[in-house]
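The values are calculated or read from the model by the stated rules, or taken from the named source; none is laboratory data. Note that the structure is predicted; figures quoted are calculated from it, not measured. Methodologically, a virtual Cβ is constructed for each residue, glycine included, from the backbone with ideal geometry; neighbour enumeration extends over all protein chains shown. Heads up: the accessible areas ignore ligands, DNA and RNA and are worked out on the full protein's heavy atoms, side chains in. Shrake-Rupley method; radii C 1.70, N 1.55, O 1.52, S 1.80 Å.
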Amino acid sequence: MIPISRRDALALMGGTAVAALAPQRAAAQASRAGPSPFATAREMLGALRAKRISAAELYDLHVARIERFNGPLNAIVIETFERGRLEAAEADRRIAAGERGALLGLPMTLKESEQVAGLPQTAGLGALRDYRPGSDGEIARRVLQAGAALLGKTNIPAALGDWQSNSPIYGRTNNPWNLERTSGGSTGGGSAALAAGLTPLEIGSDIGGSIRVPAAFTGVYGHRPSETAVPRSGAYPRSNLPNASQIMSVQGPLARSAFDLELALDVIAGPDVGENVAWKLELPPPRRERLRDFRVAALPWLPWVPVQPEIRASMEKLTDWLRSQGAQVREASPALDWQRHAADYSRLLIAQTSVGQPREQRAAQAAALGPGAAPYADGLTLDFSALALQLEQRAQLQRVWADFFRDVDVLVTPAFATTAFPHRVEPMFERMITIDGQTIPYLQLVFYPQIAIYCGLPATALPAGFDAENLPIGLQAVGPYLEDRTPLHFAQLLEREWHAFTPPPGYT
């Protein structure tokens, strides 16, 4: 390995030094410096394996980026540089010995709510300010065992309950595309860190769009896995054991490339602790290899779900382009009542997220909600019988989705109805938002995320251009249950041939 000086390395990571060097020196320097800060995780791993850069050098280059850019973003709120440098040094030793771990030597981040031994896991709650788990959760164990070097943990909203990441403990995360806008939630710190080139890979969680909305707001990729494909334990403080009552919530990757999403999914997917005694997961290959062979459904626009005009236009550009490539594209929807689908999801969501609250507290919250929040009020007061009926309804709808995906490979929709909005501070149930002249309750924005959530389907968020304010637009490809590689491969083909990640101005 040819060593590089810290000065040259930092300049290269900032993107300014190569142009100033003589052409011959620039070429030599670039060849030995390894990847840029906006390289994909796969490219970084390739540079490590080719010994164009060491894991220690790659780690320190990311530390320098964090020290330079993280302040105004407040994306990475817990730094683990001391332990991470030890992990990088160990990775270099393993690489020298000929090992090939899936993430060996790759720096990366994890969401603050992820269980990592000895590190804060507060979920943004003051009551848990001093909580430190004594062991790694299954996701942390898998990525660290695969050889990753931890850069730190990224910011979240209180209790992971918002599409912005404004934490009472860590403060507010800002979007690198516009610091006055949200970077999404609840994996908003992770999405901002990815977009700004502070980390190449992040693991988040999603029960209300918390992977895909941040990805859309910052122009990166995010994959919500099939509900049972990835362990759910360790995603929230003191929830470190498998729990059959936990539904809809998943853990999954965010990255600057759809290929990196699959790389990370292959590391974290598989049965949870205890179930691995007998079970193993074998995700099938994608249904189609070429775009022209895909059968694509575009969800029809619904009059009661307003969508930002530029997002509508981006959807139409994609479907027109897909047709030009030979793909079969048509407007189509599963045979279900979308308003009931969204309402039933909302009932289960609030039932899940209010677990542990006293009955009297939940009843008081339900009584205080207005008529527009009736599903949430119902969910707060569900008894076991009503919950069992709700789960039976979900099982019936899962069969409707399976029927739909017999003739369709992916369903394309917006990832969210709007691009990144300005930071909001008023209570969530009081918020209103105006889209294309129509004012709706803030929580109604969950419509596009819940399409995949309610019945546990995989969905990949992908960048799809920019709006008039140069804010990223995100779409999503929803796929059949446990066929995660189909929407992932669809997104990978679009990355190669249509739109890919673009770094925000000022971070190169």
Residue separation between residue 439 and residue 337 times 0.36 nm, minus their alpha-carbon distance, gives in nm 34.5 nm
Straight-line reach check, residue 153, cutoff 23 Å on alpha carbons, 8 or more apart in-chain or any other chain, hits among lysines -> 111
For region 43-176, calculate the relative contact order in percent as a whole number, restricting contacts to Cα pairs under 8 Å that are 6 or more residues apart.
-> 29
Candidates (i) 0.94; (ii) 1.03; (iii) 1.10; which is the computed Cα Rg over 2.2 N^0.38 Å?
-> (i)
How high is the relative contact order of the chain, given as a whole-number percent (alpha carbon pairs under 8 Å, six or more residues apart)?
-> 15
Per DSSP H run of at least 4 residues, take -39500 (n - 2.57); add these up for the chain, divide by its residues and hand me the 222 nm value, nearest 500 deg cm²/dmol.
-> -11500 deg cm²/dmol
Rounded if a/c is under 1.5, else prolate if a/b beats b/c, else oblate: with a ≥ b ≥ c from the C-alpha gyration tensor eigenvalues square-rooted, which is region 353-508?
-> oblate
State the percentage of accessible surface on region 50-89 attributable to carbon and sulfur atoms; use a 1.4 Å probe and exclude ligands, DNA and RNA.
-> 52
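Could you sort the peptides 105-115, 142-152 by per-residue average Cβ neighbour count (10 Å cutoff), highest mean leading? Working shown, then result.
Values: 105-115: 28.5, 142-152: 23.3.
Descending mean neighbour count gives 105-115, 142-152.
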Protection proxy ranking of 246-255, 291-300 - average other beta-carbon atoms within 10 Å, highest first | 246-255, 291-300
Computed label-point distance, nm, for sites residue 361 and residue 469 using a 7 Å Cα→Cβ extension = 3.5
Loop sites in region 138-240: GluC sites (Glu not before Pro), DSSP, at most 15 other Cβ within 10 Å | 180
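Find how much the distance from residue 391 to residue 277 grows on full extension, using 0.36 nm per residue of separation minus their present alpha carbon separation; answer in nm with one decimal.
38.3 nm
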Starting from the amide H of residue 201, placed 1.01 Å from N in the peptide plane, find each other amide H under 5 Å away whose residue is 5 or more places distant or on another chain.
-> 109
Apply the Karplus parameterisation 6.51 cos²θ - 1.76 cosθ + 1.60, with θ equal to phi minus 60°, to every residue of region 370-387 and state each ³J(HN,Hα) to the nearest whole Hz, in sequence, with x for glycine and proline.
-> x, x, x, 10, 4, x, 5, 4, 4, x, 5, 10, 4, 8, 5, 4, 5, 5
Non-local residues with an amide H under 5 Å from the amide H of residue 149, with H modelled 1.01 Å from N and Pro and chain starts lacking one, are 105, 106, 108
Applying the gyration tensor rule to the Cα atoms of region 193-295 (axes a ≥ b ≥ c; rounded if a/c under 1.5, else prolate if a/b exceeds b/c, else oblate), the class is oblate
The distance between the Cα centres of region 322-387 and region 414-428, in whole Å, is 19
Multiply the residue gap between residue 293 and residue 317 by 0.36 nm, knock off their C-alpha separation, and tell me the result in nm, one decimal place.
-> 6.8 nm
Sorted by chain and then number, the residues having a modelled amide H within less than 5 Å of the amide H of residue 154, at least 5 places away or on another chain, are 77, 110, 111, 112
Which shape class applies to region 225-355: rounded if a/c is under 1.5, otherwise prolate when a/b exceeds b/c and oblate if not, where a ≥ b ≥ c are the square roots of the Cα gyration tensor eigenvalues?
-> oblate
Compare the peptides 128-136, 236-244 by average per-residue count of other Cβ atoms within 10 angstrom and give them in order, highest first.
-> 236-244, 128-136
